[in-house]
Amino acid sequence: MPSPTATVNGQVLSLSGVDLHTTVLDWLRSRGLLGCKEGCAEGECGACSVLVARPGISSPTRWTALNACLLPVLTLDGQELITAEGLGAPDALHPVQREMAVRGGSQCGYCTPGFVCSMAAEFYRPDRVPAEPSETGPAPSDHLHGPNGFDLHALSGNLCRCTGYRPIRDAAFALGAPADDDRIATRRDQPPPPVPGTRVAGGGARFARPAALTEALNLIAEHPGALLVAGSTDWGVDVNLRAARAAFVVAIDRLPELRTFRVDSDAVEIGAALTLSEAEELLDGHVPLLDQLFPQFASRLIRNGATMGGNLGTGSPIGDTAPALLALDASLILASANGEREVLLADYFTGYRRSVRLPGELIRAVRIPLPQPGLVGFSKVAKRRFDDISSVAVAFGLDVEDGVVRRARIGLGGVAATPLRARATEDALTGRPWTAETVRAAADVMAAEGTPLDDHRASARYRSAMLRQALLKFHAQHETPLEVGA
Ligand SMILES: Cc1cc2nc3c(=O)[nH]c(=O)nc-3n(C[C@H](O)[C@H](O)[C@H](O)COP(=O)(O)OP(=O)(O)OC[C@H]3O[C@@H](n4cnc5c(N)ncnc54)[C@H](O)[C@@H]3O)c2cc1C
Ligand code: FES
Ligand code: FES
């Protein structure tokens, strides 16, 4: 097997001898590419943002901004990346760098290379379309969307301590389209770099990127202690902040069988290794509850790496996809060397970070049955609006017909050792009129769901109050119910 390499700013660099736990950030800096900065090492500041060539949906390749501090560099074997140094040079600034400079988007400059990379990813987003000027004036824009089609959520994972965000937004909204001869733009029309099967051993640890699902399943059957890694947005934090180390890592994020997407007459199936950004784009509004969830899940930078398989694979009681998928009655397709089985998500979690998933099994896909509930909502309470884990998350999926609740599914996160269904509240709503009176009584039941704890995110009392509030708010938003959905 050829030795691993990555193409950085057009130059092929060897990854031979690199330790399994070396992040892209540390590796780049060790190669003298010092633009990429460490602000937090936990995915929260974006100072380490880089551009990686990934498969696209509306173009063959998409330049995707990722947190270099979370990614093990070996996962980039055979891949292409661009850092702020590769975008432009002091005497030939990239359009993004130029706008940041002339509009005062940088003071101390620590955050700037990260902003520039996240901004460049949005600059090169293939479906970024400038708004048409209106008959009465310039193209419409709001504080999050520029007249040039720039979506400011692209910068939701980047923090700046000293400039203030206004000049940065001005720079983003002033960008035009890439020039016709822009080599980074034209790269989007070529296929993405193929993903080689990789095996690396060194320093007592091993890394493998199997090329196909069967190979991956055989590997984890032989090595039940192997650690699966998809987007590494959870694992990367453990490595950096908790000094987690694995003897054997198996990368599953590019397995074709885990990147499938299907909409059939009776279900939507989302591959466990599609990133949340990819799932959002592929779903294109097909699952309205997930449409409410996506913008509240971390930042664009994190969603560009994070997968549903990883979110459910952690077994975390505060993962955001679980409450939403519980409200949608979703199930998981679990795959092992012995075949596949389907498990209702409501039966999946068995205790704190425990599940019915057996050693040697992985989550291949998430299945959402159709038709979906007619009335849906996702409510998240977190300390920071974007890029934060939930203190409490609540998802609703109700069918209301002739003013009566026919079916209710409510998923909760952050109020017990596992994500769970609010079964008592569902019972308090089902068969009753969808009125303020019913909802007030059900909200009292809801406040007593789960076994919330006091921790650094919220107190138990606050969590209970938020449960009650979530139902009252959901009702207030949907007092005139829609009929059963399709
Ligand atoms: C700054 C920041 C903000 C965040 N905000 C949120 C948030 O708002 N909401 C939220 O829910 N989470 C949040 N997270 C947590 C994290 O991003 C998510 O849990 C994410 O979905 C993990 O996916 P991943 O592919 O990166 O998982 P990885 O880190 O690759 O893996 C996580 C775990 O899942 C296992 N795993 C991965 N894929 C599979 C699979 N297919 N089958 C079985 N096991 C698997 C791995 O073995 C590992 O144990 C945040 C993280 C950071 C760093
Ligand atoms: S260093 Fe802060 S997100 Fe990577
Ligand atoms: S310019 Fe100083 S942190 Fe952003």
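Per-structure values
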| read-out | value |
| --- | --- |
| Average Cα contact separation per residue, region 375-477, under 8 Å, 6 or more apart, as relative contact order % | 22 |
| Leading residue at positive end of dipole, region 153-193 (Cβ point charges), from 162, 173, 184 | 162 |
| Gyration tensor over alpha-carbon atoms, region 53-112, equivalent ellipsoid semi-axes in Å | 26, 15, 11 |
| Cα-based radius of gyration of region 256-369 once divided by 2.2 N^0.38 Å, which approximates compact folds | 0.99 |
| For q = 0.13, 0.18, 0.20 Å⁻¹, Debye-computed log10 I/I(0) when each Cα of region 97-196 counts as one equal scatterer | -0.51, -0.89, -1.03 |
| Taking the C-alpha atoms of region 375-477, convex hull volume expressed per residue in Å³ | 86 |
| Rg over Rh [alpha-carbon atoms, Kirkwood Rh] for region 1-99 | 0.97 |
| Fraction of alpha-carbon pairs over 28 Å apart in the chain - percent | 55 |
| Peptides 284-295, 373-384, 178-189 ordered by average Cβ neighbours within 10 Å, highest first | 373-384, 284-295, 178-189 |
| Karplus-derived 3J(HN,Hα), 6.51/-1.76/1.60, for each residue of region 69-75, Hz, glycine and proline x | 6, 9, 8, x, 5, 5, 5 |
| Packing rank of 357-369, 113-125, 6-18, where each peptide gets the mean count of other beta carbons within 10 Å, highest leading | 113-125, 357-369, 6-18 |
| Percent accessible area from carbon and sulfur atoms, the chain, protein chains only, probe 1.4 Å | 52 |
| Translational diffusion of region 1-195, µm² s⁻¹ [Kirkwood Rh, Cα pairs; Stokes-Einstein; 20 °C; 1.002 mPa s] | 124 |
| Lys/Arg +1, Asp/Glu -1 at C-beta; the chain dipole; positive extreme among 470, 73, 404 | 73 |
| Mean Cβ neighbour count within 10 Å, used as a protection proxy, ranking 326-333, 160-167 highest first | 326-333, 160-167 |
| Amide H contacts under 5 Å for residue 405, placed H, 5+ residues apart | 431, 432, 434 |
| Set of lysines near residue 473 by C-alpha distance (under 18 Å), chain-local residues within fewer than 8 positions excluded | 380 |
| Cα-centred dipole magnitude for region 375-477, charges only on beta-carbon of K, R (+1) and D, E (-1), debye, nearest 20 | 260 |
| Test item: Cα-centred dipole of the chain, Lys/Arg +1 and Asp/Glu -1 on Cβ, debye | 1240 |
| Probe 1.4 Å, accessible area per residue of the chain, Å² | 42 |
| P(r) of region 304-367 over all Cα-Cα pairs, binned every 10 Å from zero, in whole percent | 22, 60, 17, 0 |
| Rel. contact order, % - alpha carbon contacts under 8 angstrom, at least six apart, region 1-195 | 25 |
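The values are calculated or read from the model by the stated rules, or taken from the named source; none is laboratory data. Remember, it's a predicted structure, so these values are computed and weren't measured experimentally. Heads up, the Cβs are rebuilt from the backbone with ideal geometry, glycines too, and the neighbour counts pull from every protein chain shown. SASA here: full protein model, heavy atoms, side chains in, ligands and nucleic acids out. Shrake-Rupley method; radii C 1.70, N 1.55, O 1.52, S 1.80 Å.
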